[in-house]
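No lab work stands behind these numbers, since they all come straight from the coordinates. Here the structure is a predicted model, which is why all the values come from computation and not from measurement. So basically every Cβ, Gly included, is an ideal-geometry build from the backbone, and we count neighbours across all protein chains shown.
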Amino acid sequence: MSEPIVTGHDMSRFWRLVAIENGPITGTVWVTKPDKGEQRIRPVDLIIWDERRSGMMITDLTAYIRDGGVVEIPEYMIRGDARAEVLDQIEAVKVAMLAASNAITWPEDGADHAVASAVRQPGERLPSHEQAAQVLEGDARAEDAQEGRP
């Protein structure tokens, strides 16, 4: 099984939006800041791929990361008609949830929370919100120029 590639985006001091790529589980999840030894992860648009490369979108489950990196996904927290697929791929789902949890560097309490969270590759950092806005604005201007709009 290939190692998931994950990136995180600083949304607040209490949770992060993390993208998971490169594996049997891809998509986006919310990751909460660890509190009292527990961290929750909820999918936004998690896709479980099978060997035929057809996927099922999962939005109704909650994973818990306990102290020491133990991933728990209680069966009653897997809702919807995708329960069988999730249980069939439960180990891959747990690996993806742990990778999402490990992708984030949380600032110390009381520290500046405007710092972007870290990405999976050591030493690389995500662009700040200002830089991201400038990139989006530049893309919009380039698109306008290409279409002949002022």
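Worth a mention:
- Phi-based couplings in Hz for the range 65-76 (Karplus 6.51, -1.76, 1.60; Gly and Pro marked x): 9, 9, 3, x, x, 7, 9, 10, 10, x, 4, 5
- Computed packing ranks the peptides 54-64, 17-27 as 17-27, 54-64, most packed first, by mean other Cβ atoms within 10 Å.
- Likely footprinting exposure, 86, 31, fewest C-beta neighbours within 10 Å first: 86, 31
- 3J(HN,Hα) along the range 81-87: 7, 9, 4, 4, 5, 5, 5 Hz, from the Karplus curve 6.51 cos²θ - 1.76 cosθ + 1.60 with θ = phi - 60°, whole Hz, x for Gly and Pro.
- For residue 89, no residue whose modelled amide H falls within less than 5 Å of its own remains once neighbours fewer than 5 places apart on the same chain are excluded.
- Computed packing ranks the peptides 96-104, 73-81, 35-43 as 96-104, 35-43, 73-81, most packed first, by mean other Cβ atoms within 10 Å.
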